[in-house]
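Since the structure comes first, as structure tokens, the remarks are kept for the end.
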Amino acid sequence: MYRRNFTAQNFRSGSGATKVNLRSVAAGRLRITRMRVFFEENNRPLILVTRNSRNLRGVVEIHYNGSGIFKGYWKVDRRIIQRVQKNLYYGKVLTLKTPSAPRLPTYSEGAHKLQFIITEPESAFQKIDFPEAIYHVEAKKAETVVGLLIELPENKTEIHMSGQKIEWSGTSAVSIYHIEFYQKEMKEPFFTAYTKKGSYYLSQKVLSMKFSPGKRYSFRVRGFNETGELTGESRSRSFTLAEE
């Protein structure tokens, strides 16, 4: 019980009292105090890996006090790969790793940003500048990389929402083709597709879900052999999606 007496020259004296429940740090509301994101292999937030690497795994250390419901998710670039929910009752550090399935995507070369975003407690979202770890994917190249010639569509053409077939010259050195679509001034593809054929149909469903009318996009085709080595690559082509 906390009690205080008040006295003043111009006012009548009085007193007040309130009941205070004393609790330990663990019994208070859940509060995130610090976070660290790194890679299991080198214990650092930066790593270089080869394309299609299967051993890459991220780790987050979350320092906290108090108890309560904890929610968050792993995110690579703009893609959520796993959601996490736990009831935290005691302890000081929560360690989480990226899932073994699906693994961290390493099929697209270049730099990729890994983050763990906390959504509950909400105070974490408001006060924490969520750290990030960067992994850079380098593709293994075969001794000979064949130039793939895109036959359809023409460069700088306009395609319609009804769909568009993409065709290119194939080669026996390739076992699977990877088509990458880019928005203007973006270094990373926002949409990718795989095919074993020398063609891919950009359907109306994909266009309506992933693309916006009136905008300009570019794409390229790359081929890989059975061991994941880059064996074929095309130049980029651009197109505009017609407004309908």
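Computed with a 1.4 Å probe over protein heavy atoms only, the accessible surface of segment 1-72 comes to 75 Å² per residue. Placing a pseudo-label 7 Å from each Cα along the Cα-to-Cβ vector at residue 6 and residue 19 gives an inter-label distance of 2.2 nm. Rounded to the nearest 0.05, the FRET efficiency derived from the C-beta distance between residue 196 and residue 162 at R0 = 30 Å is 0.75. Of all lysines in the structure, the ones whose alpha carbon falls short of 29 Å from that of residue 86, not counting any fewer than 8 places away in one chain, are 71, 75, 97, 113, 127. Taking the helices alone, the chain has a mean residue ellipticity at 222 nm of -1500 deg cm²/dmol, built from -39,500 (n - 2.57) per DSSP H run of at least 4 residues and averaged over all its residues.
Positive-end ranking of 93, 30, 10 along the dipole of segment 1-138, with charges on Cβ about the Cα centre, is headed by 10. These residues, 136, 63, 178, go from largest to smallest accessible area, 1.4 Å probe, as 136, 63, 178.
What does the accessible area per residue of segment 147-222 come to in Å², with a 1.4 Å probe and no ligands, DNA or RNA counted?
Working: 4280 Å² over 76 residues.
That works out to 56 Å² for each residue.
Comparing 133, 142, 111 in a Gaussian network model of the chain, where Cα atoms under 10 Å apart are tied by springs, the biggest mean-square fluctuation is seen for 142. Rolling a 1.4 angstrom probe over the chain with all protein chains present gives an accessible area of which 46% lies on carbon and sulfur atoms. Cα centroid separation, segment 1-17 to segment 55-117: 52 Å. Our summary of shape: the Cα atoms of segment 189-242 have principal axis extents of 38, 21, 18 Å, ordered from largest down, in whole angstrom.
Under the rule a/c < 1.5 gives rounded, and otherwise a/b versus b/c splits prolate from oblate, where does segment 127-244 land using the Cα gyration tensor? Kindly include the intermediate steps, with their values, before the conclusion.
Values: a/c = 2.11, a/b = 1.06, b/c = 1.99.
Because a/c hits 1.5 or more and a/b fails to exceed b/c, segment 127-244 counts as oblate.
So for each of 210-221, 185-196 I average, over its residues, the number of other beta carbons within 10 Å; can you give me the resulting order with the highest mean first?
210-221, 185-196
The values are calculated or read from the model by the stated rules, or taken from the named source; none is laboratory data. Since the model is a prediction, treat every value here as computed from it, not as a measurement. Heads up, the Cβs are rebuilt from the backbone with ideal geometry, glycines too, and the neighbour counts pull from every protein chain shown. Accessible surface areas use protein heavy atoms only, side chains included; no ligands, DNA or RNA. Shrake-Rupley method; radii C 1.70, N 1.55, O 1.52, S 1.80 Å.
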